[in-house]
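**Q** One structure is given below, represented as structure tokens, and several questions about it will come after.
Here, each number is a calculation from the coordinates, and none is a lab measurement. If you're wondering where the values come from, they're calculated on a predicted model, not measured in any experiment. For neighbour counting, all protein chains shown are included, and Cβ atoms are generated from backbone atoms with ideal geometry for every residue, glycine included.
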Number of protein chains: 2
Amino acid sequence: MTPFSSNLEACIDTLGERELIRNIASWLGESGQSSPSGIGDDTAVIPPSTRAQLITVDSLVYGRHFDDDTAPEAAGAKLLKRNLSDLAAMGGRPGSAVIACFLPPNLSLAWLESFYRGLAKCALTFNTRVVGGDISSSNNDLAFSLTLLGQVQNPPLTRKSTHINDTLWVSGSLGGSLLGKHLNFTPRIGEGGWLAGRSGVSACMDISDGLATDIDHLLASGQEALLEPNSIPVSSAAHELSKTSGKDALCHAMVDGEDFELLFTLTEDVDPVAFSSAWKDAFDTPLSCIGRIQLSSTSNSHIRWADGSPWDKTWHGYEHLGNT
Amino acid sequence: MTPFSSNLEACIDTLGERELIRNIASWLGESGQSSPSGIGDDTAVIPPSTRAQLITVDSLVYGRHFDDDTAPEAAGAKLLKRNLSDLAAMGGRPGSAVIACFLPPNLSLAWLESFYRGLAKCALTFNTRVVGGDISSSNNDLAFSLTLLGQVQNPPLTRKSTHINDTLWVSGSLGGSLLGKHLNFTPRIGEGGWLAGRSGVSACMDISDGLATDIDHLLASGQEALLEPNSIPVSSAAHELSKTSGKDALCHAMVDGEDFELLFTLTEDVDPVAFSSAWKDAFDTPLSCIGRIQLSSTSNSHIRWADGSPWDKTWHGYEHLGNT
């Protein structure tokens, strides 16, 4: 569904700012909150927190993260889920959110309603509340940014805190997200919170730029990942895509973006079998041990296959503009 | 200075995402923070808070809130100051910020550096730290949104909590901000915090859409503002503008946007003379009592002049798309 309309009466410009905000509050329903704890004052008021808090911001741009083929409900949910995936990677639980919208004058009001209803449904599912926002007229682009707060019960999971001989793990399966998963993924909030509560989890992140690119962000300096190719969980979408792309399904699993799975490490004293079994008791989400961390033997690649060959640099992950 | 360059080598597209983030962290300097409390992980970690917190988001769009004539440093500072003004209106003190950028490929790297350096300087002045962000490629527009957290020492100042016979006050002077104040204003953080600590301050907001428009957002239902025209602090810029605009300077003070002054009410038991004197002891910022609140006598206007005539609706404030 295209977000734009040439029928002026169907566009957001027919409403004034206050009327548009009233509409948004109604579309958000229970997932929105009114002042003082939400929409309607200069700022929202949120309660004190006795625990450390998390904050993250992620964006959605028409033509980059969604297009005319994307259901507006799915686009709205994706905006929130991108942030939820970041929170999951730190072991956090979601809290309040605020959203900034950049809306061109020819944006269809019906599209915006469906976008917000998709966001609202996702917010209720993950116990998030939209407490405020900002609406700006854009000249051309349709874009959104959402800032999400969260809390951690345990010390947050971080990157770069890996050790030599830590084992490497990923949730779910990887590759080919363009065929649908980039929209219909499930942020691993439950899994991330569970990991943060276990001993021996040394580092964690979410895979958004592709395993090959992201693994470098997880490793501390002087380390490389030793990967077992047969252990990498290649998705059926990656296999599907490889039929027409001319690339290996494994290549798709290594370099495709927007998997939104967790990549984490366990210290070598953790028994992998007992750990896998505990995970399986808690979650239906597949889990794979894909390798381990070793001293870096070369500065040319941060990934080495189990047979000793370095990761082929020509398979590099697509470097898109993402999180800072 | 135009933000765009036709020289490809001077544009942000010459850098990859990671290199751009490294540059931004360097431009932010002391006003930025690195992981785990800042930039570099999936989310930033912020400390617990024993007090109620505030959250607000505001945006900046090229061609709407700044243009080729705007110094990039001033644009960066304005993005933060718009949020600080919202925080001031609640009586809050600034805390952590995250920023989302939507950058077209032909954005000049030098412009972006100056933008961030202006933001960084302002952040240090107001004791704010940029703990995270997101960078997205845009198709066309140059836009930013900033989410700011804050804390309150006292119960936050809200809107709609006004009473009949409360007196109405504004800080500073109003009108003609287009001549410069929309960029070089000072968010009234000190004043807002001071107001939140005094008894008898019944409501507060910042004036961003013009006094005539915003006063309606302050009043509770069934109330109207009785204004004394000679008491409204008309800025010299409003007088300057009136020479060429064909409008009264008072009209500019009533309807021009982006004043970023505080509008607040005092309960009738507060002695206005003693209050003004205490303010003057604390601040150099001018203060004016502009009228009081009375029972609404008509549904046509929420403002009445002291001579009994209603506010002339043809003077309506420009309704731009702003805060929800």
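**Q** Compute the label-point distances linking B:Gly200 to its equivalents in the other copies; points lie 7 Å from Cα along Cα→Cβ; give nm, one decimal, shortest first.
**A** Ordered by increasing distance: 6.6 nm.
**Q** Which FRET efficiency value, to the nearest 0.05, do you get for B:Lys280 and B:Ser236 by plugging their Cβ-Cβ distance into 1/(1 + (r/R0)^6) with R0 = 25 Å?
**A** Once rounded, the FRET efficiency stands at 0.75.
**Q** Additional query: Give the distance, in whole Å, between the Cα centre of region B:241-318 and the Cα centre of region A:189-211.
**A** 54
**Q** Can you list the lysines whose alpha carbon sits under 23 Å from that of B:Lys78, skipping same-chain ones fewer than 8 residues off?
**A** B:Lys121, B:Lys181
**Q** Quote the convex hull volume per residue of region B:122-186, based on C-alpha atoms, as a whole number of Å³. Each step should come with its number before you reach the end.
**A** Numbers: hull volume 13.3 nm³, N = 65.
Value for region B:122-186: 205 Å³ per residue.
**Q** Something else about it: Looking at region B:192-324 only, what percent of DSSP beta bridges run antiparallel? Nearest 5 please.
**A** Values: 12 of 15 bridges.
DSSP beta bridges in region B:192-324 are roughly 80 percent antiparallel.
**Q** Still on this model: List the equivalent ellipsoid semi-axes of region A:172-324 in whole Å, largest first, each obtained as the square root of 5λ for an eigenvalue λ of the Cα gyration tensor. Display every interim value, and only then the final one.
**A** Values: eigenvalues 104, 84, 42 Å².
Each semi-axis is the square root of five times an eigenvalue, giving 23, 20, 15 Å.
**Q** Let me ask something else. Stokes-Einstein D for region B:114-248 at 4 °C, 1.567 mPa s, Kirkwood Rh over Cα pairs, in µm²/s? Walk me through the numbers before you get to the answer.
**A** Details: Rh = 18.2 Å.
The calculation lands on 71 µm²/s.
**Q** Also: Need one value for B:94-101: mean number of C-beta atoms belonging to other chains within 10 Å of its residues' C-beta atoms.
**A** Values: counts 0, 1, 2, 3, 8, 4, 11, 5.
Mean shielding count: 4.
**Q** Mean separation of Cα pairs under 8 Å and 6+ residues apart, divided by the residue count of chain B: what relative contact order is that in percent? Numbers along the way, then the final one.
**A** Details: 714 pairs, mean separation 67.6, N = 324.
Computed over chain B, the figure is 21 percent.
**Q** A:Thr2: net charge of surrounding residues, Cβ under 14 Å, Lys/Arg +1, Asp/Glu -1, itself excluded? Present the calculation step by step, with values, prior to reporting the outcome.
**A** Working: positive: none; negative: A:Asp67, A:Asp68, A:Asp69.
Every neighbour counted, the sum reads -3.
**Q** In a shell of Cβ-Cβ distance under 12 Å around B:Gly192, excluding B:Gly192 itself, what net charge do Lys and Arg (+1) and Asp and Glu (-1) give? Mind showing how you got there, number by number?
**A** On the way: positive: B:Arg93, B:Arg188, B:Arg198; negative: A:Asp42, B:Asp86, B:Glu191, B:Asp206, B:Glu261.
With Lys, Arg at +1 and Asp, Glu at -1, the neighbours total -2.
**Q** Based on the Kirkwood radius over alpha-carbon pairs, what value in µm²/s does the Stokes-Einstein equation return for the translational diffusion coefficient of region B:194-236 at 20 °C and 1.002 mPa s? Let's see the in-between values first.
**A** Values: Rh = 12.4 Å.
For these conditions, the coefficient is 172 µm²/s.
**Q** Continuing with this model, one more query. So what's the back-of-envelope 222 nm ellipticity for the protein assembly as shown, counting only DSSP H runs of four-plus at -39500 (n - 2.57) apiece and dividing by all residues, rounded to 500?
**A** Details: 18 runs with 190 residues, N = 648.
Result for the protein assembly as shown: -9000 deg cm²/dmol, rounded to the nearest 500.
**Q** Let me know the volume per residue of the alpha-carbon convex hull for region B:175-249, in Å³.
**A** Once divided by residue count, the hull of region B:175-249 is 122 Å³.
**Q** Let me ask another. Have a look at the protein assembly as shown and give its Rg and Dmax from the Cα atoms, expressed in angstrom.
**A** Considering the protein assembly as shown through its Cα atoms, Rg and Dmax are 26.3, 91 Å.
**Q** Right, next: If you count the DSSP beta bridges with both ends in the protein assembly as shown, what percent of them are antiparallel, to the nearest 5?
**A** Details: 89 of 119 bridges.
Percent antiparallel among DSSP bridges in the protein assembly as shown is about 75.
**Q** What is the average number of partner chain Cβ atoms found within 10 Å of a Cβ in A:31-43?
**A** The shielding value for this peptide is 6.
**Q** Return the ratio Rg/(2.2 N^0.38 Å) for region A:153-203, where Rg is computed over Cα atoms only.
**A** For region A:153-203, the normalised Cα radius of gyration comes out at 1.38.
**Q** Peptide A:13-19: average number of partner chain Cβ atoms within 10 Å per residue? Write down the numbers at each step before the final one.
**A** Values: counts 1, 0, 0, 3, 8, 6, 1.
Other-chain Cβ atoms within 10 Å of each residue's Cβ, averaged: 3.
**Q** Between A:Asn106, A:Ile46, A:Gly29, whose Cα lies farthest towards the positive end of the dipole of chain A when Lys and Arg beta carbons carry +1 and Asp and Glu beta carbons carry -1, centred on the Cα centre?
**A** A:Ile46
**Q** Now for a separate question. Compute the normalised compactness of region A:54-111: alpha-carbon radius of gyration over 2.2 N^0.38 Å, N being the residue count. Intermediate results must be reported in sequence, preceding the final value.
**A** On the way: Rg = 13.0 Å, N = 58, 2.2 N^0.38 = 10.3 Å.
My calculation over the Cα atoms of region A:54-111 gives 1.26.
**Q** Further, regarding this structure: Could you work out the per residue convex hull volume over the alpha carbons of region A:260-299, in cubic angstrom?
**A** About 92 Å³ per residue, rounded to a whole number.
**Q** A:Gly63: net charge of surrounding residues, Cβ under 12 Å, Lys/Arg +1, Asp/Glu -1, itself excluded?
**A** Neighbour charge sum, excluding A:Gly63 itself: -4.
**Q** Taking a label point 7 Å out from Cα toward Cβ, give me the nm distances from A:Ser245 to the same spot in the other copies, shortest first, one decimal.
**A** With the label placed 7 Å along Cα→Cβ, A:Ser245 yields 5.7 nm.
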